[in-house]
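**Student:** Once you've had a glance at the structure underneath, I'll fire off some questions.
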Amino acid sequence: MLERTRNIGIAAHIDAGKTTLTERILFYTGMIHKIGEVHDGAATTDWMEQERERGITITSAAVTTEWWQRAEEGTVKLFPEQKQRINIIDTPGHVDFTAEVERSLRVLDGAIVVFDAVAGVQPQTETVWRQANKYHVPRLVFVNKMDRTGADFDNVVAEVKEKLGANAVRILIPIGAEDQLIGQIDVVNQKAVYFSDDDKFGSTYSVRELEGELKQIGEAAYEELVAAVTDIDEQLGEKFLLEEPFTLEELKQGIRRATIANKLIPVAGGSAFKNKGVQYLLDAVIDYLPSPLDIPAAVGMDPENEDHEIVVPTSDNEKFVSLAFKLWADKFVGKLVFFRVYSGVVKKGDTVYNPRTRRSERVGRLIRIQSNQHTDIDACYAGDIAAMVGIKNVTTGDTLAAEKHDVVLEPPTFPDPVISMAVEPKTKADQEKLALALARLSEEDPTFMVKTDEETGQTIISGMGELHLEIIVDRLRREFKVEANTGAPQIAYRETITASAGGEGKLVKQSGGRGQYGHVILSVRPNEKGKGLTIENKVIGGSIPKEYINAVY
Ligand code: GDP
């Protein structure tokens, strides 16, 4: 099963259509049976009520689906040996939650990056792209919303190349656009795929030969694709030089190797909302994104001796090693610990060891999340993702291993919070409830911190942006039934820098012009002592990483 497993993330700028695409994937893979509007509350990866209200996905839910690759024209044949497992690790699209994105990228093997066909490369996609580069995550691009007025596939492909420096090649080119979006050119197979008009769920389609203008476009794209792959892939490159023919399967393998090596980004276009092009995209996930066996083995270290590296091979026959990447307080089941197995197998009832706390705990239940259902499983194998119940002493980023197996995987890194505010319960009697709730929330979210101001005795909460804290306050009310009053958000950084010539007076800089961190206005004024300058920053949207402020001045 391992070679037929894909752990993927879907990343995008907010509103590009990530939730809609995830929902469509769950639909086509049979995990949900009704396609609903994302914002009418039917999207199953958006667990929290408020997420639906806000239209953003905050939590990184891991959902498991099964996909049978298309066997014949327009049909799906269900051979068990062709069954593929796709674990979708949800990555949030809002700039305030980059830490969530970061932690998801740490445990997934490949990603679909979704773009809006009108808006093209947007600030958050740039951030996500850089993070994916950092973790060497192979990617496919899906140019979504091809049905929108002004949709321009080739323009987005050009932007992906120019702005993100990606070696993007088209594999599924939309036929038509806007209300004339009728199909896709399957570049690899040199076929035209037409979506069936009388099937509004887009489950059926017909495959035809390329003709006329489509044939020209398809052949040019094929040449481009072959040139790109043979340039990167030695095996195919050699054949190409010797002018030896290669088979379709060899070409696909070449694309796969180049994509996994992170040297090629296959691009597909379609419309999730209109159910156009999602099934072929799923095929591309199987064809080109890596299985857990295709990625280098994780490397951990001995907690007693940090120089001592321990390789963690992706195999069921090794000692169990996993990374806890997400904690979630589930209303019905209790604390869920989402984990990715790197080595070995964990079974229900096993005892797992946390090298950080040096404590062992018993796994009460193992759960797979399929859409909005919990399914109990008996075991979870190397390369797979699931959730444990029964583990109490754990925080995000912890390694959970076999008993007495002292190995620590590198935890994801989280930036320091950038914004703080005071909170207090509306009624004094809720003081203790508030403290408990905040403790729970900070345990779940490594970028959310709680402390008590020594001078005033106030409870101060800190997070990645105003929205982040707003959501926390919202969750206090909804999940913990604590109404809280909040003070004005304060920027967590206030720095004094030495005044330089020309530095006097008021210097207002508007930065983040490309929107990387939202629009941040920094104003600098002499401080009381007249010695330096105090930087104040006002966040209009998004968060301000410390490095950024330092870089500006
Ligand atoms: P997310 O913020 O990336 O998760 O985006 P959503 O999936 O919530 O989509 C944002 C908005 O775009 C919603 O109103 C969707 O209905 C809409 N949308 C998503 N996919 C498409 C598409 O293919 N075409 C059009 N026209 N709208 C879409």
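The values are calculated or read from the model by the stated rules, or taken from the named source; none is laboratory data. A quick note: this is a predicted structure, and the numbers were derived from the prediction, not measured. Reconstructed Cβ throughout: ideal geometry from the backbone, glycine too, with neighbour counts over all protein chains shown.
**Student:** Go through the range 452-476 and give me each residue that's in contact with a helix residue (DSSP H, G or I) (Cβ under 8 Å, 6 or more places away or on another chain) and assigned to a loop (DSSP other than H, G, I, E, B).
**Tutor:** MET464, GLY465
**Student:** Something else now. Would you mind listing the helices (runs of 4 or more DSSP H) fully within the range 1-118 where at least 2 residues are modelled with pLDDT of 80 or more, closer than 30 Å to ASP179 by Cα and within 13 Å of the ligand (Cβ to nearest atom)?
**Tutor:** On the way: elements: 18-28, 49-54, 98-107.
Passing ranges, in order: 18-28.
Residues checked against (1) crowded, with 23+ Cβ neighbours inside 10 Å; (2) within 27 Å of GLY176 (Cα to Cα); (3) in contact (Cβ under 8 Å) with a residue 60 or more places away in the chain:
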| position | (1), (2), (3) |
| --- | --- |
| GLU250 | no, no, no |
| ARG257 | no, no, no |
| LEU264 | yes, yes, yes |
| LYS276 | yes, yes, yes |
| ASP283 | no, yes, yes |
| SER315 | no, no, yes |
| PHE338 | yes, no, yes |
| TYR342 | yes, no, yes |
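**Student:** Considering only the range 230-255, state which residues are in contact with an Asp or Glu (Cβ under 7 Å, 6 or more places away or on another chain) and either hydrophobic (A, V, I, L, M, F, W, C) or within 17 Å of PRO266 (Cα to Cα) (or both). I'd like the intermediate steps shown before the answer.
**Tutor:** Taking the range 230-255 first, the residues in contact with an Asp or Glu (Cβ under 7 Å, 6 or more places away or on another chain) are 236-237, 252, 254.
Matches in the range 230-255: LEU236, LYS252, GLY254.
**Student:** Can I ask one more? Which one is nearest to the ligand (Cβ to nearest atom), of the residues in the range 139-155 that are in contact with a Leu (Cβ under 6 Å, 6 or more places away or on another chain) and outside any strand (DSSP E or B)? Give the steps one after another, and end with the answer.
**Tutor:** So the first thing to find is which residues in the range 139-155 are in contact with a Leu (Cβ under 6 Å, 6 or more places away or on another chain), and the list is 142, 146-147.
So of that shortlist, the ones also outside any strand (DSSP E or B) come out as 146-147.
On the way: MET146: 7, ASP147: 5 Å.
That would be ASP147.
**Student:** Can you tell me which residues in the range 294-315 are charged (D, E, K, R) and touching a helix residue (DSSP H, G or I) at 6+ places or on another chain (Cβ under 8 Å)? Before you say what the answer is, go through the steps one by one.
**Tutor:** Initially, the range 294-315 is screened for residues charged (D, E, K, R), giving 294, 302, 304, 306-307, 309.
Scanning the range 294-315 gives a single hit, ASP294.
**Student:** Regarding ALA437, is this residue of a type in the set (Gly, Ala, Ser) and either more than 30 Å from GLU454 (Cα to Cα) or touching a residue at least 12 places away in the same chain (Cβ under 8 Å) (or both)?
**Tutor:** On the way: of a type in the set (Gly, Ala, Ser): yes; either more than 30 Å from GLU454 (Cα to Cα) or touching a residue at least 12 places away in the same chain (Cβ under 8 Å) (or both): yes.
So ALA437 passes the test.
**Student:** Considering only helices (runs of 4 or more DSSP H) fully contained in the range 228-291, which possess at least 1 residues that are over 20 Å from the mean Cα position of the chain (by Cα) and within 16 Å of the ligand (Cβ to nearest atom)?
**Tutor:** On the way: elements: 234-241, 248-260, 278-288.
The qualifying helices (runs of 4 or more DSSP H) are 278-288.
Here is a yes/no grid of residues against (1) surrounded by 15 or more Cβ atoms within 10 Å (Cβ to Cβ); (2) at pLDDT below 90; (3) within 26 Å of PHE332 (Cα to Cα):
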{"site": "ASN354", "(1), (2), (3)": "yes, no, yes"}
{"site": "THR357", "(1), (2), (3)": "no, yes, no"}
{"site": "ARG362", "(1), (2), (3)": "no, no, yes"}
{"site": "ALA386", "(1), (2), (3)": "yes, no, yes"}
{"site": "PHE414", "(1), (2), (3)": "yes, yes, no"}
